[in-house]
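What follows is calculated from the coordinates using simple rules that are stated; it is not laboratory data. Since the structure is predicted, the reported quantities are computational estimates derived from the model, not experimental observations. Note that each Cβ is placed from the backbone with ideal geometry, even for glycine, and that neighbours are counted across all protein chains shown.
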Amino acid sequence: MVRDDGRASSRRALLTGTGTALAGGALALAGCGSVDTGKKAVKKTSAPVRRQDIEILTHALDLERRTVAAYIACIPLLTHPQRKAFRQFLNEELEHTGELVSLIKAAGGKAPPRADSYPIGHATDGPSALAVLHSLEALQISSYLEWIPRLSPAPVRAAVASILTVDAQHLTMVRVTQGQDPVPGPFVTGSV
Amino acid sequence: MSRGVPTRRELLGAGAAGAAGLLALPAAAVAATSTTGQPPFSETDRLQRLIRLELLLLYCYRHVLGSSILGPRAHRTLAPFEGHEQAHVDALETQLKARGGAVPPGPDSVKTANRYLAHRGVGGRLGQLKGSRDALYLLLTLEQVTIGAYFVALSKLNDSHLITLACQIMANEAQHDAMIGLSLPKSTPGSAVPYGLVQGIQ
């Protein structure tokens, strides 16, 4: 789903207002198109492929839910300006859980219920909260990089990659907030 | 945008055949899904397409960073990205050469780069940028076009090594996108990452 805000509006104004941008192309900065395509695609795969996809997507959902739990626990420990941004990141993580549930259903599976609790460490202040979020965003990235090549067919991989991409942006913003190099290398690995 | 091949939407939105069916079809049948009747892209074609885009991005970063158009803060933020783009080109070229493909040339002049930008529907032209904001928006849009190209590539690639590489680079371009966004006036970390799903501009 698209959340519109100042930057989004200005992007859109720039990209559509000049009449030169996007000629003949489709603006797809965000949206549910990839998941819709992925859902259609996964329905047409064989049962063994769907079973493997369901298994992987269920692991991904569990990790996204763990990250959501961490954001909920950590946001109160952040400064007021940080809270505003991180609440938005929380919403985006929630969106990821919704997309994964949709993909699981499309593959013929059933998303498991949320756990009563998730291992999210013991943050006690802003810096430790940021460290927890940093480690979980990095874990999501490294996990998705391992899982995506095992998903099938290709549109499902692309749909999940659109989630990985946002997690990489979250990690960058966490690093900015921590005063670290926001983009430490040319290849995102989730190792830092 | 190149229209020599069907778009993702044309391929995937063509109804019941859908993307899954497309992947399961033999080559001749896949070719038949092309709206132009041309053969589908191979992995070599896809790599060449991505390299052309990366070379354009690299040229634009070099041009902008080599001028004095950016403020010191934005310049400092974007300076490492030129090296990242070069690393992407190198990695993709290694994969292309391993498959026997010829490395495409990048833009050799501002005029050529501007022609490529126009071809891809990117607003703004090198040499005509009026200030930091213009330069940032040009790079932002081109990053999003590049992310879109990787998204489309990921909906077609089947080699697991290439899939991982495409994911790693696409995510890195999205990080660049976020940092360019954060360099815009009145931007915040929240406004720099405004979407829950990112597929770029296609």
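Descriptive notes on the structure:
- The residue among A:79, A:94, A:41 whose Cα reaches farthest toward the positive pole of the charge dipole of segment A:33-178, with charges on the beta-carbon of Lys, Arg, Asp and Glu, is A:41.
- Listed residues A:122, A:178, A:136: farthest to the positive end of the dipole of segment A:33-178 (Cβ charges): A:136
- Measuring between their Cα centroids, segment A:53-106 and segment B:64-88 lie 32 Å from each other.
- Taking label positions 7 Å along the Cα-Cβ direction at both residue A:47 and residue A:189, the computed distance is 4.1 nm, reported to one decimal.
- Note that segment A:82-99 has calculated 3J(HN,Hα) couplings of 5, 4, 4, 5, 6, 5, 5, 4, 4, 4, 5, 5, 4, 4, 4, 4, x, 5 Hz, one per residue in order, obtained from phi through the Karplus relation 6.51 cos²θ - 1.76 cosθ + 1.60 (θ = phi - 60°); glycine and proline are x.
- A cut-off under 13 angstrom between Cβ atoms defines the neighbours of residue A:148, and their net charge, with Lys, Arg +1 and Asp, Glu -1, is -2.
- Figure legend: label point modelled 7 angstrom from the Cα of residue A:150 along Cα→Cβ; residues of segment B:160-176 with amide N under 15 Å from it are B:160-161, B:164.
- Note that segment A:165-176 has calculated 3J(HN,Hα) couplings of 4, 5, 4, 5, 5, 4, 4, 4, 6, 5, 5, 4 Hz, one per residue in order, obtained from phi through the Karplus relation 6.51 cos²θ - 1.76 cosθ + 1.60 (θ = phi - 60°); glycine and proline are x.
- Restricting the trypsin sites (Lys or Arg not before Pro) of segment A:97-170 to loop positions (DSSP other than H, G, I, E, B) with no more than 15 neighbouring Cβ atoms within 10 Å leaves A:110, A:114.
- In terms of other Cβ atoms within 10 Å, B:116, B:59, B:150 run from fewest to most in the order B:116, B:59, B:150.
- Derived scalar couplings ³J(HN,Hα) [segment B:116-133; Karplus, 6.51 cos²θ - 1.76 cosθ + 1.60; whole Hz; x for Gly, Pro]: 5, 4, 5, 4, 8, x, 8, x, x, 10, 4, x, 10, 6, 8, x, 4, 4
- Electrostatic dipole magnitude of segment A:33-178 [Cβ: Lys, Arg +1; Asp, Glu -1; Cα centre; debye, to 20]: 500 debye
- Percent of Cα pairs exceeding the 21 Å cut-off, where the set is segment A:33-178: 42 percent
- Database remark: amide H of residue B:202 closer than 5 angstrom to the amide H of A:26, A:28 (H placed geometrically; neighbours at sequence offset of 5 or more, or on other chains; Pro and chain starts carry no H).
- Cβ-based exposure ranking for B:103, B:89, in which fewest neighbours within 10 Å come first: B:103, B:89
- Segment B:132-164 and segment B:110-124 have Cα centres spaced 16 Å apart.
- Reachable lysines, given that their alpha-carbon falls under 28 Å from the alpha-carbon of residue B:156 and they are not under 8 places away in the same chain: A:39, A:40, A:43, A:44, A:105, A:110, B:97
- Inter-chain Cβ neighbour average for residues B:181-190, partner chain, 10 Å: 6
- Taking all Cα pairs closer than 8 Å and separated by 6 or more residues, the relative contact order of segment A:98-181 comes to 27 percent.
- Straight-line cross-link partners of residue B:130 among the lysines, defined as a Cα under 22 Å from its Cα and at least 8 positions apart when in the same chain: B:111, B:186.
- Packing-based exposure ordering (other Cβ within 10 Å, fewest first) of A:187, A:86, B:41: A:187, B:41, A:86
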